[in-house]
Ligand SMILES: Nc1nc2c(ncn2[C@@H]2O[C@H](COP(=O)(O)OP(=O)(O)OP(=O)(O)O)[C@@H](O)[C@H]2O)c(=O)[nH]1
Ligand SMILES: [Mg+2]
């Protein structure tokens, strides 16, 4: 996962170490090191604003840096880069999803899943359900994708494998009313969690985005979870930004990270949207969901290969 971004950070650390063992870093040393790093960040999908902000953090810490008289140069350099990343991402809370679920006392807990076509909403719903079922929770799904042919059957296929019930209406029905019915069904039967699967839609399609706003209003979710396809690179960030103008996004899940070596989208999403990423999708299987934490992500970027 994100090996390219990791390699950019390890090249940066090495360049700083090499320079700093020769002399105290002056402005031109720092600019030379950072311009190479900047190019790599952009190549690996870190958006321009995020790149610039990180470069500024690093610049401020690097100018005038001397070799420490005692101690390990490598670990000093790592601390410096780590502090830059922590400061860049300082106002984004780390959320443990299971803790979050544990703290919601009302029933049912309603989770709304959003995102463009093919980003991985339905698959992620199945993965999260698998996780909640293992913790003994009862889950029902709202087939609120009443639009794409085959969407309900796809959901029912997963449901049969996992043993959950799907609340559905005919294709073309109002998705908000499917969500409403699923919530009523859960209330009547004491089911813990309702997951609302919505149809994929382009962020530029105003009518469909308004429809999503209605689903949100009617279902009044405890969390709206935006599903982001890492492979879409910077386009995914633009999508996320537009979605968040229509609907308050609580959490993000980034999918297809198993096939995404670049890694920059994760950094950009955190910096630009300031919302917690709770999981990464790491494959097509139900267990291919990896808990995300900002702190672990930063540490992973600075780990030796
Ligand atoms: N490799 C990989 N594939 C994934 C991951 N998540 C989803 N997919 C695949 O991506 C494809 C689309 O996933 P769906 O869950 O159907 O996407 P969706 O957002 O529900 O799509 P629509 O219903 O068309 O809007 C499927 O083939 C999934 O198996 C992941 O984390 N890694
Ligand atoms: Mg779907």
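The values are calculated or read from the model by the stated rules, or taken from the named source; none is laboratory data. Please read these numbers as outputs of a predicted model, since none were measured by experiment. Here the Cβ is made from the backbone with ideal geometry for all residues, glycine too, and neighbour counts use every protein chain on show.
Worth pointing out:
- Qualifying residue in segment 134-144 (condition: within 11 Å of ligand 2 (Cβ to nearest atom) and touching a residue at least 60 places away in the same chain (Cβ under 8 Å)): yes
- Residue within segment 86-108 that is within 16 Å of ligand 2 (Cβ to nearest atom) and either at positive phi or modelled with pLDDT of 95 or more (or both) present: no
- The combined condition, being under 16 Å from residue 16 (Cα atoms) and modelled with pLDDT of 95 or more, is fulfilled by residue 38.
- Hits in segment 270-288 - residues which are in contact (Cβ under 8 Å) with a residue 40 or more places away in the chain, more than 16 Å from ligand 2 (Cβ to nearest atom) and touching a strand residue (DSSP E or B) at 6+ places or on another chain (Cβ under 6 Å): 275, 276, 278, 279, 280, 282
- Residue check, residue 298 modelled with pLDDT of 95 or more, touching a strand residue (DSSP E or B) at 6+ places or on another chain (Cβ under 9 Å) and not assigned by TED's automatic domain parsing to the domain that holds residue 7: no
- Some residue of segment 224-247 being closer than 25 Å to residue 103 by Cα and surrounded by fewer than 17 Cβ atoms within 10 Å (Cβ to Cβ): no
- Of all the listed residues (134, 127), the sole one being assigned by TED's automatic domain parsing to the domain that holds residue 222 and either at pLDDT below 95 or within 16 Å of ligand 1 (Cβ to nearest atom) (or both) is 127.
- Test: residue in segment 181-189 that is surrounded by 15 or more Cβ atoms within 10 Å (Cβ to Cβ) and within 16 Å of ligand 2 (Cβ to nearest atom): yes
- Single residue of 212, 208 found to be free of Cβ contacts under 8 Å to residues at least 24 places away in the same chain and under 28 Å from residue 237 (Cβ atoms): 208
- Number of the condition not met by residue 120 [criteria: (1) touching a helix residue (DSSP H, G or I) at 6+ places or on another chain (Cβ under 8 Å); (2) within 14 Å of ligand 1 (Cβ to nearest atom); (3) within 22 Å of residue 214 (Cα to Cα)]: (1)
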